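Taking it in order: structure first as C-alpha cells, then the write-up.
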Amino acid sequence: MTSRGAGSKQPPGERAVLVGLVTRRSRSVDPERQLEELAGLAEAAGASVVLRVVQERAGADPATLIGKGKAEQVARACDETGANLIIVDNDLTPGQARNLEKACGRRVVDRTELILDIFARRARTHEGKIQVELAQLK
C-alpha cells in the first residue's frame, strides 16, 4: 500500500473520504470551501466523494496530522461508507502518510499528490510525462 511516487495513480471508481485540518494558523481559510475545491479535484481524478471530515486542533499531529482518535474515527467512517481512499487537504510528510495509512487501512494521498496524479493522467507528450514524473519523485 504505497501512496507516494510515480506509480500512485488512482484506479477508476474509487470512493474517497476527504480530510481537512484546521489549526490556529489556518482559521482564516474556510474549511468547507477548501474541501469543496478538493472534492472537485477528487472527481477530476475519477474518485467519488462519500464523506468529508474536518479536524480542529491547535497544530498538526506529527505522527498522523489529525491525531490518533480522529484517525480511528476516519477508519470507522471508511468502513461504514465503503471508502477505499483518504484524500487529505493538507500536505503530509511521508511518515504521516504511512502512519495514517496504517491507522486507517486505506490508501492516503494529499492535495499535492492528487494534483500531480491528475497532471499525470492528462500528460500527452513524452516531455510532459517526464516532467510530471520528476515532480512526483520530488
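The values are calculated or read from the model by the stated rules, or taken from the named source; none is laboratory data. The structure presented is a predicted model; accordingly, all values stated were derived computationally and were not measured. Here the Cβ is made from the backbone with ideal geometry for all residues, glycine too, and neighbour counts use every protein chain on show. These area figures cover heavy atoms from the full protein model, side chains too; ligands, DNA and RNA do not enter into them. Shrake-Rupley method; radii C 1.70, N 1.55, O 1.52, S 1.80 Å.
Here is a check on your reading of the model: is Thr23 among the hydroxyl-bearing types (Ser, Thr, Tyr), more than 28 Å from Ala120 (Cα to Cα) and either in contact (Cβ under 8 Å) with a residue 12 or more places away in the chain or open to solvent by 40 Å² or more (accessible area, probe 1.4 Å) (or both)?
yes
Would you confirm, using the coordinates I've provided, whether Ala6 is at pLDDT 90 or above and either open to solvent by less than 40 Å² (accessible area, probe 1.4 Å) or outside any helix (DSSP H, G or I) (or both)?
no
Can you name every residue in segment 40-89 that is assigned to a loop (DSSP other than H, G, I, E, B), surrounded by 18 or more Cβ atoms within 10 Å (Cβ to Cβ) and in contact with a Ser or Thr (Cβ under 8 Å, 6 or more places away or on another chain)?
Across segment 40-89, the qualifying residue is only Ala60.
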